[in-house]
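Here is the structure we will look at.
The values are calculated or read from the model by the stated rules, or taken from the named source; none is laboratory data. Everything quoted here is computed from the prediction, not taken from an experiment. Every residue, glycine as well, gets a Cβ built from its backbone with ideal geometry; the counts of neighbours run over all protein chains shown. Remember, those area values only see protein heavy atoms, side chains included, never the ligands or the DNA or RNA. Shrake-Rupley method; radii C 1.70, N 1.55, O 1.52, S 1.80 Å.
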Amino acid sequence: MVTYMIDKILNYKTVSIKDKIDRLLELDANMYTELGSDSTKIERLEAKKKSKVIYRAIKTLNKDLGEMLLKNPC
């Protein structure tokens, strides 16, 4: 599901690069807000994996920002 949303955002034709990055970061933030104190360790690890996929997508739009996010994950 996340890869579908990433592809959809990256393929927008009339949206600026900044807006695409903002939408990808919003997708990442929403994923973490759905985690709660009752989330399992596996669910948290899955969220981190999905974040890396999102950060790699951001790297295709802005290399410096993407590298920074990949080097300093949450």
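Some values worked out for this structure:
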| quantity | calculated |
| --- | --- |
| Search result, residues across region 15-41 that are of a type in the set (V, I, T) and modelled with pLDDT of 95 or more | V15, I17, I21 |
| Pairs, first within 19 Å of N11 (Cβ to Cβ) in region 45-74, second of a type in the set (S, T, Y) and open to solvent by 60 Å² or more (accessible area, probe 1.4 Å), C-beta under 7 Å, six or more apart | V53/T3 |
| Condition met for L45 (hydrophobic (A, V, I, L, M, F, W, C) and at pLDDT below 95) | yes |
